[in-house]
1. What number of residues in the stretch B:121-136 are within 8 Å of another protein chain (Cβ to nearest Cβ) and either in contact with a Pro (Cβ under 6 Å, 6 or more places away or on another chain) or not in a loop (DSSP other than H, G, I, E, B) (or both)?
2. Restricted to the stretch B:70-90, and to residues that are closer than 16 Å to residue B:43 by Cα and open to solvent by 80 Å² or more (accessible area, probe 1.4 Å), which residue is farthest from DNA strand C (Cβ to nearest atom)?
3. Of all residues in the stretch B:60-74, which are in contact with a Lys or Arg (Cβ under 8 Å, 6 or more places away or on another chain), in a helix (DSSP H, G or I) and among the polar types (S, T, N, Q)?
4. Mind checking whether some residue in the stretch B:55-62 is away from DNA strand C (no atom under 15 Å from the Cβ), closer than 21 Å to residue A:123 by Cβ and at pLDDT 95 or above?
5. On the basis of being open to solvent by less than 40 Å² (accessible area, probe 1.4 Å), at pLDDT 95 or above, in the same structural domain as residue B:36 (by TED's automatic domain parsing) and farther than 20 Å from residue B:25 by Cβ, does residue B:128 make the cut?
6. Has the stretch A:103-125 got any residue that is touching a strand residue (DSSP E or B) at 6+ places or on another chain (Cβ under 9 Å) and either of a type outside the set (A, V, I, L, M) or crowded, with 16+ Cβ neighbours inside 10 Å (or both)?
2 protein chains.
Amino acid sequence: MISKMLCSDDSIAITRDQLMLVEKLGVLYEHSGMQPAAARVASLLVIADQTELTFDQIRATMRLSKSATSNAINTLLNTKRIIYITKPGDRKRYFTSDVREWKAGFLDKFGEMMHIVEVYNEVLKQRTKETPEFNKDLEEMISLMSFIFDEIPKLFKKWDNQNQI
Amino acid sequence: MISKMLCSDDSIAITRDQLMLVEKLGVLYEHSGMQPAAARVASLLVIADQTELTFDQIRATMRLSKSATSNAINTLLNTKRIIYITKPGDRKRYFTSDVREWKAGFLDKFGEMMHIVEVYNEVLKQRTKETPEFNKDLEEMISLMSFIFDEIPKLFKKWDNQNQI
DNA sequence: TTTTTGGTTCTGTGATTAGAGAACCAAAAA
DNA sequence: TTTTTGGTTCTCTAATCACAGAACCAAAAA
């Protein structure tokens, strides 16, 4: 019996311009700590006309190996950058960029930045009292950062209200 | 003639607790993309009782090689994380954490985040009109991010005023 | 039962990185 | 002039990374 397809090419239709944009956004994602393959996959799922892509469509379109695709998808799932849906009578998962969830992730990012302020407070507490100027500058910085991170959730709420949800 | 000192140990006095804090803060710095040696040096300069340290004090205290020390210091100088001062009749440079300058760097960080919004706008422009819901979510996200990044400089100003500078 | 599908996991590797050590160098001191 | 100081730069290596390829596997289909 002849094998149906030795090398399936499920790659989706995508323009040259779109592929360039995938790279461009991918690089930005890389700068924020995402690894190359994951960055491209995340980027593809925002740019492609089809918003729901299967494992194999992603793999074929991005020319990644199965392992690279699998790892990229799983890190993106773990970091909540993407989700997947299923369809009745279809074993495949359809991966999609969960744009709505980004808002939470965006807020979380500020929360992470807040963590450093806590450590700066530890630092300030243990500092010698012999360097009052330095300590004052540090204290001021801590105060500024605390202020900003306090206000940011308020900004989120304000925006929500303006956009009457 | 007997050589004065084959292996100079200019390491400064530092407590065990302080060294642990250097590691702790260092790891946070690493998470924000700084490389290990640079992260520890930056961290040391915030925690050490002496706020002005020489090349050799940094090297000896952190047990780094000269090359690692040199590279770490130079990257920190380039990224404006530290500055140095000199003293009359002394060829050494005294490196110090420029806490005042952090404010500018802190604001800059938000500016960088703003950059991704521009690319998202490119993405939105080129998206197919066949996915109105997805596009609407993306548009909303862009609108939220733009709003936040617009408000942040205002927050900085507000804080400045409250602290009557 | 065997085959196919939709992946996951293991192994191997080329590329990159972080840092050590030594050679090097210019300005200052002796 | 020679030596010392305060670094910089070059070379080498160990460790890590990102990915390919292949083996593997469970559930579904045939």
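The values are calculated or read from the model by the stated rules, or taken from the named source; none is laboratory data. Everything numeric here is computed off the predicted structure, so don't read it as measured data. In this analysis, Cβ positions are derived from the backbone assuming ideal geometry, glycine residues included, and neighbour counts consider all displayed protein chains. Surface accessibility is based on the protein's heavy atoms, side chains included, excluding ligands, DNA and RNA. Shrake-Rupley method; radii C 1.70, N 1.55, O 1.52, S 1.80 Å.
1. 4
2. B:80
3. Hit for the stretch B:60-74 is B:69, nothing else.
4. If we filter the stretch B:55-62 for residues that are away from DNA strand C (no atom under 15 Å from the Cβ), which is where we start, we get B:57.
Narrowing further to those that are closer than 21 Å to residue A:123 by Cβ: B:57.
Restricting the remaining residues to those that are at pLDDT 95 or above gives B:57.
Within the stretch B:55-62, one or more residues are away from DNA strand C (no atom under 15 Å from the Cβ), closer than 21 Å to residue A:123 by Cβ and at pLDDT 95 or above.
5. Details: open to solvent by less than 40 Å² (accessible area, probe 1.4 Å): yes; at pLDDT 95 or above: yes; in the same structural domain as residue B:36 (by TED's automatic domain parsing): no; farther than 20 Å from residue B:25 by Cβ: yes.
No.
6. Scanning the stretch A:103-125 turns up no residue that is touching a strand residue (DSSP E or B) at 6+ places or on another chain (Cβ under 9 Å) and either of a type outside the set (A, V, I, L, M) or crowded, with 16+ Cβ neighbours inside 10 Å (or both).
For every residue, the table says whether it meets (1) at pLDDT 95 or above; (2) open to solvent by less than 60 Å² (accessible area, probe 1.4 Å); (3) within 14 Å of chain B (Cβ to nearest Cβ).
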{"site": "A:5", "(1), (2), (3)": "no, no, no"}
{"site": "A:8", "(1), (2), (3)": "no, yes, no"}
{"site": "A:52", "(1), (2), (3)": "yes, no, yes"}
{"site": "A:67", "(1), (2), (3)": "yes, no, no"}
